[in-house]
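K.L.:
Take this structure, written in structure tokens, and hold onto it; I'll ask about it next.
The values are calculated or read from the model by the stated rules, or taken from the named source; none is laboratory data. These figures come from a predicted structure and were not determined experimentally. Positions of Cβ are generated from backbone atoms using ideal geometry, with glycine treated the same way; all protein chains shown enter the neighbour counts.
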Amino acid sequence: MKKITRREFIKISSIGTAGLSFGFGLSDCDMSWNVFGGGSKLDPRFGYGVDAKVVPTSCQICYWGCGVHAHVVDGKIWKLTGNPDDPLCAGRLCPRGTAGIGMIYDPDRLKTPLKRVTGKKGQDFVSVSWEEALGDAAGRLSEISDKYGSESIAVITHGKPGHFFEHLVRAAGSPNYSFPSFSLCRGARDVAYYLTYGKELGSPEPTDMENSRVLVLLGYHLGENMHTTQVREFARFLERANEGKAKLVVVDPRFSVAAGKAWKWLPIRPNTDMAFLLALINVILNERPDGRALYDEKYVNDYTAGLEGLKETVASYTPEWAYPICGISPEDIREVAYELGRNNPNVLVHPGRFSSWDGNNVQRIRANAILNALLGVWGRRGGFFVADKPYIPKYPVPSYPVSEIGQCDKGEYPIGPIPSVKNIVRSILTEKPYPIKALIVCGANILECIPQKEETIKALDKLDFFLAVDVLPVEQTGYADIVLPDCTYLERMDEISVKNFKQNFVTVNQPVVEPMYDSRPAWWIAREIGRRMGLDEYFEWKDIEEYNNIRLGGAGLSLTELKKTGIIPLGTGPIYLEDGKNLEFSTPSGKIELSSSTLSSFGQYPVPVFTGEPERPKQGYFHLSFGRSPLQSFSRTQNNRISLAVEGGDKFWINVDAARNIGVIDGRKYKLMDAEGKESPFTAEAKVTWGIRPDTIYFTHGFGHEDKRLKVAFGRGVSDSKLITEIKTDPIMGATGLRGGFVKVVV
Amino acid sequence: MAKRYAMVIDTTLCVGCKDCLMACQTENNVPLPFFREWLVYLTTGEYPDLHRTIRSERCHHCDRPPCVGVCPTGASHVDSGGIVLVDPGKCTGCKACIAACPYNARFVHPEGYVDKCTFCIHRIEKGLKPACVDVCPTRCLHFGDLNDPSSEVSRLLKSRRWENLIPEAGTKPQLYFLY
């Protein structure tokens, strides 16, 4: 069989887009773009306020789901502001949400369904009708399912639009549905908290930073990571820190924005956080600087199990032991431990969100969870609040067929509710334990988020059928057999979101303006494919409004009301122990498990232990670290002309001494080289700074887009998914560690 | 009593997210790639003893605005509440004001006139605050009347340590930075 080389098609797949123009300078790009043509009226008092119609909706850029007021003038969205009634953003969207009109009005959007055809000149995309695209997609999926079994269809999704594709694939009988947000992000954290407290932290996490007296952030760069709720609470915390009532500790190889506001910045050696955490636990359990215990003795007695096992395990993990491993002095470790202990329980060692760092993520976050338990913070002000989940029934659908052979990585990890996205890629390539021949991707950008990009591309090449549902022509769409243009969140309704926070509520996004081009909402696309595959019983709802109405009706609410306000508050009850909250833990012991019987039964360490020092970079190489820009969400916002105009994202941080040693000059552009010696396709500008360890290079995640159809994002910066060549996998739940990469600057 | 509008920026809270820029851009339909506001990040010291300041900046709406004095047509003027504005109809785009401004707060709009921050006067006249103030996720921006001793901005300047930028230029700027 002739090898398919889909890569070529990216270059010629330019349906509906006039001449490709791209460049690296703003002036070369289409940057004069503005929704209203930029200042067509001369009066400085110019404002649209008078005539604007306000539509309450919900932001779906980062999927946090803040409440939005969309202001519409003459059928176009003028601006997006926060819904003041929203408990998450409290009327203030983050920069990505505020700049959301740059997504809906992005001229590079996918405009019509596209289908790959083979002609005399090779393969190309042609624009086809929805009827043809949906019929083809359903036909191909059914055919593959019949030939190779229902498990041979996989889906990778993220967020609201993807939900209905997960439903589609599960209805078709496949257990291979996955989310990058699980195995590449916060899955390890949620499993660790589930093992310890019997409850996953979820999103938004129940942290009560605004009331903390000591807050420790480990590699969690709040302020650059812009979830509105967290940043708002962090700012209230900082206000109290300014008044001398709170202390911030930031443990990060980089002098992050948060580090710049900290009482103590501890530039830890990358991937040694476990040693630091174990030493904190050791001090908190064993030292009595003021003649009393640093841990909350009563709380630990009442609510935890396994103290003795913990004490025994951490006995040797002294600050003096940790120092040569993590580079944080015993004095600093003790000072942090004492501050935490003296101020317990109104303290928090923040669990973070992105937790897929190395090959030991669950255990590292377990150490974090245990530390918090010793300090008695679960259910306490300034720690974790505990709010019961509100109940709104699910839409009634028949139960999904059960796969007898199970998900593609079944049995590999003791806790694996869904396959890791990396293992879906692996099964496509190896056909083991069985072939995966069809893939649907919606709401995720798998070439930017899954490490070892070349391998993902090979997997896409190998598929019999690849369906990409997206708003923008991101690179993965160039490998698809059928590309379907989804609406943006401002043009569609999604399923309602039931939010569990200090104030529970339900919210929904609704169409603010008519869908542009020939785009259709993801729920409709999934349903139409499902019906064509004969899965009608799973897709009986007339439309998303009926679907949501039935769900809301089950809780005595109505969609009409929700559409008017965008938010309906739901009952919450007490959230702190001292206010009468009853603490219950769904763990085997019914208590917070300092020592986990579940892990023990899986043959894993019941208490976290130090399993060895991480690899150090070879001569000329650096640890590869990456993080968020407040203006970017994953890899889906880099083509936004508004935010890109103020931040190109194409800088990498390097320490002054390190730069001097290898001859890197501030402001010049360099390519980076991965551990196998391959250079990045594009350059990034060196930001030579004292604000990073000499052994680490840092850049913003989500850049380095290689598809020219993204006219302004193309060619900017470097991509971590491409530069990470080595990964470690978590033995407990299969998370793919992304902080183990090494890079070199090509000088 | 006449109003004297001022902005107070709490640098201890600012995380440099540029939400103020995004809100200003959409509120005022500023033509890309221009922005009326900008962020300054300063890191001083040597690893690992570092200090960082982050400031959200814009036109300082000076009490003695040099841009107004040099304007040959009267386009640059002081409007109500001390807000410095440019009347695009009178502006010839000569750039004298751009040269005179010590803060580099002005740019030439693609349509030929000079543009800059207006303190969102169209919002203030409706009793609202500037778009940047209303969007700031950390609430580090404060806006109000310094002639009113009970206003939030007056109280902040009384209770906190603050600085103006380039005070030696003698322009009496009305952006106050809290440290």
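K.L.:
Which ones in the range B:145-160 are out of contact with any Ser or Thr (no Cβ under 9 Å at 6 or more places or on another chain), buried (at least 18 other Cβ atoms within 10 Å of the Cβ) and not hydrophobic (A, V, I, L, M, F, W, C)?
P.N.:
Within the range B:145-160, B:Ser151, B:Ser154 meet the criteria.
K.L.:
Quick one: in the range B:79-117, of everything that is touching an Asp or Glu at 6+ places or on another chain (Cβ under 9 Å) and β-branched (Val, Ile, Thr), which residue is farthest from B:Gln25 (Cα to Cα)?
P.N.:
Among those residues, the one meeting the criterion is B:Val86.
K.L.:
For residues in the range A:636-678 being within 16 Å of A:Tyr698 (Cβ to Cβ) and in contact with a Gly (Cβ under 6 Å, 6 or more places away or on another chain), which is nearest to the other protein chains (Cβ to nearest Cβ)?
P.N.:
A:Gly649
K.L.:
Only one residue in A:Glu448, A:Glu455 is in a helix (DSSP H, G or I) and in contact with a Gly (Cβ under 9 Å, 6 or more places away or on another chain), so which one is that?
P.N.:
The conditions single out A:Glu448.
K.L.:
Only one residue in A:Cys89, A:Cys59 is within 11 Å of chain B (Cβ to nearest Cβ) and crowded, with 23+ Cβ neighbours inside 10 Å, so which one is that?
P.N.:
None of the others qualify; the one that does is A:Cys89.
K.L.:
Look at B:Glu27 and say whether it is touching a residue at least 40 places away in the same chain (Cβ under 8 Å), within 18 Å of B:Arg123 (Cβ to Cβ) and acidic (Asp, Glu).
P.N.:
For B:Glu27, the condition - touching a residue at least 40 places away in the same chain (Cβ under 8 Å), within 18 Å of B:Arg123 (Cβ to Cβ) and acidic (Asp, Glu) - is met.
K.L.:
Hey, does the range A:452-464 have a residue that's under 22 Å from A:Ser635 (Cβ atoms), within 17 Å of the chain's Cα centre (by Cα) and among the basic types (Lys, Arg)?
P.N.:
no
K.L.:
Go through the range A:83-96 residue by residue and tally those that are farther than 11 Å from A:Thr229 by Cβ and over 21 Å from the mean Cα position of the chain (by Cα).
P.N.:
Matching residues across the range A:83-96 total 4.
K.L.:
Take the residues in the range A:401-440 that are of a type in the set (A, V, I, L, M) and in a loop (DSSP other than H, G, I, E, B), then tell me which one is surrounded by the fewest Cβ atoms within 10 Å (Cβ to Cβ).
P.N.:
If we take residues in the range A:401-440 being of a type in the set (A, V, I, L, M) and in a loop (DSSP other than H, G, I, E, B), then A:Val402 is surrounded by the fewest Cβ atoms within 10 Å (Cβ to Cβ).
Rundown of residues vs (1) at pLDDT 95 or above; (2) more than 12 Å from the chain's Cα centre (by Cα), yes/no style:
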position	(1), (2)
B:Ala100	yes, yes
B:Glu111	no, yes
B:Lys116	yes, no
B:Ile124	no, yes
B:Val133	yes, no
B:Asn147	yes, yes
B:Lys158	yes, yes
B:Glu168	yes, yes
B:Leu178	yes, yes
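K.L.:
I would also like to ask the following. If A:Thr118 passes every condition in (1) surrounded by fewer than 21 Cβ atoms within 10 Å (Cβ to Cβ); (2) more than 14 Å from chain B (Cβ to nearest Cβ); (3) outside any strand (DSSP E or B) but one, which one does it miss?
P.N.:
Going through (1) surrounded by fewer than 21 Cβ atoms within 10 Å (Cβ to Cβ); (2) more than 14 Å from chain B (Cβ to nearest Cβ); (3) outside any strand (DSSP E or B) one by one, A:Thr118 breaks only (3).
K.L.:
Taking the conditions exactly as written (over 17 Å from A:Val747 (Cβ atoms) and either part of a loop (DSSP other than H, G, I, E, B) or modelled with pLDDT of 95 or more (or both)), does A:Ala713 satisfy them or not?
P.N.:
yes
K.L.:
So which helices (runs of 4 or more DSSP H) stay within the range A:217-320 end to end and still have 3 or more residues that are modelled with pLDDT of 95 or more and buried (at least 24 other Cβ atoms within 10 Å of the Cβ)?
P.N.:
Here the list reads A:228-242, A:273-286.
K.L.:
Moving to a separate point now. Working only within the range A:644-694, note down all residues that are modelled with pLDDT of 95 or more and touching a Pro at 6+ places or on another chain (Cβ under 6 Å).
P.N.:
Listed by number, the residues that qualify are A:Asn655, A:Asp657, A:Ala658, A:Arg693.
K.L.:
How many of the residues in the range A:541-564 are surrounded by fewer than 18 Cβ atoms within 10 Å (Cβ to Cβ) and free of Cβ contacts under 8 Å to residues at least 60 places away in the same chain?
P.N.:
Adding up the residues that qualify gives 9.
K.L.:
Next question. Is it the case that some residue within the range A:158-167 is within 21 Å of A:Lys410 (Cα to Cα) and not basic (Lys, Arg)?
P.N.:
Within the range A:158-167, one or more residues are within 21 Å of A:Lys410 (Cα to Cα) and not basic (Lys, Arg).
K.L.:
With the condition being facing another protein chain (nearest Cβ under 8 Å), I'd like the strands (runs of 3 or more DSSP E) fully within the range B:36-119 carrying at least 1 qualifying residues.
P.N.:
Result: B:38-46, B:49-57, B:84-86.
K.L.:
Taking the range A:541-584 on its own, how many of its residues are more than 27 Å from the chain's Cα centre (by Cα) and in a loop (DSSP other than H, G, I, E, B)?
P.N.:
17
K.L.:
Let me ask something else about it. Anything in the range A:205-232 that is within 14 Å of chain B (Cβ to nearest Cβ) and within 25 Å of A:Val498 (Cα to Cα)? List them, or say none.
P.N.:
A:Met209, A:Glu210, A:Leu222, A:Asn225, A:Met226, A:His227, A:Thr228, A:Thr229, A:Gln230, A:Val231, A:Arg232, listed by residue number.
K.L.:
Within the range B:126-144, can you find the residues that are facing chain A (nearest Cβ under 7 Å) and surrounded by fewer than 21 Cβ atoms within 10 Å (Cβ to Cβ)?
P.N.:
Across the range B:126-144, the qualifying residues are B:Lys126, B:Arg139.
K.L.:
Just to be sure I understand the filter: pairs with C-beta atoms under 8 Å, separated by 6 or more residues or on different chains, first member in the range A:145-165 and part of a helix (DSSP H, G or I), second member basic (Lys, Arg) and at pLDDT 95 or above. Which pairs pass?
P.N.:
From residues that are part of a helix (DSSP H, G or I), the pairs are A:Lys147/A:Lys437; A:Tyr148/A:Lys437; A:Ser152/A:Lys437; A:Pro161/A:Arg492; A:Phe164/A:Arg527.
K.L.:
Another question, if that's okay. For the range A:36-66: of the residues being touching a Gly at 6+ places or on another chain (Cβ under 7 Å) and under 22 Å from B:Lys126 (Cβ atoms), which is modelled with the highest pLDDT?
P.N.:
A:Pro56
K.L.:
I'm checking my understanding of the structure. Among residues of the range A:679-702 that are of a type in the set (A, V, I, L, M) and buried (at least 24 other Cβ atoms within 10 Å of the Cβ), which one is nearest to the other protein chains (Cβ to nearest Cβ)?
P.N.:
Step by step, filter the range A:679-702, then rank; the result is A:Ile692.
K.L.:
Now a separate question. Would you check which residues across the range B:1-23 are facing chain A (nearest Cβ under 7 Å) and either farther than 18 Å from A:Asn640 by Cβ or of a type in the set (Gly, Ala, Ser) (or both) and list them?
P.N.:
If the condition is that a residue be facing chain A (nearest Cβ under 7 Å) and either farther than 18 Å from A:Asn640 by Cβ or of a type in the set (Gly, Ala, Ser) (or both), then B:Thr12, B:Leu13, B:Val15, B:Gly16, B:Ala23 are the ones that fit.
K.L.:
Scanning the range A:92-109 for residues that are out of contact with any Leu (no Cβ under 8 Å at 6 or more places or on another chain) and farther than 30 Å from A:Ala133 by Cβ, which turns out surrounded by the most Cβ atoms within 10 Å (Cβ to Cβ)?
P.N.:
Of everything passing the filter in the range A:92-109, A:Cys94 is surrounded by the most Cβ atoms within 10 Å (Cβ to Cβ).
K.L.:
If A:Phe125 meets every condition in (1) part of a strand (DSSP E or B); (2) modelled with pLDDT of 95 or more apart from one, which number is that one?
P.N.:
It is condition (2) that A:Phe125 fails.
K.L.:
If you don't mind, another one. Check the range A:605-626 and report whether any residue there is closer than 29 Å to B:Leu50 by Cβ and within 14 Å of chain B (Cβ to nearest Cβ).
P.N.:
There is no residue in the range A:605-626 that is closer than 29 Å to B:Leu50 by Cβ and within 14 Å of chain B (Cβ to nearest Cβ).
K.L.:
Given (1) among the β-branched types (Val, Ile, Thr); (2) surrounded by 17 or more Cβ atoms within 10 Å (Cβ to Cβ); (3) outside any loop (DSSP other than H, G, I, E, B), identify the lone condition not met by A:Thr112.
P.N.:
Only one criterion in (1) among the β-branched types (Val, Ile, Thr); (2) surrounded by 17 or more Cβ atoms within 10 Å (Cβ to Cβ); (3) outside any loop (DSSP other than H, G, I, E, B) is unmet by A:Thr112, namely (3).
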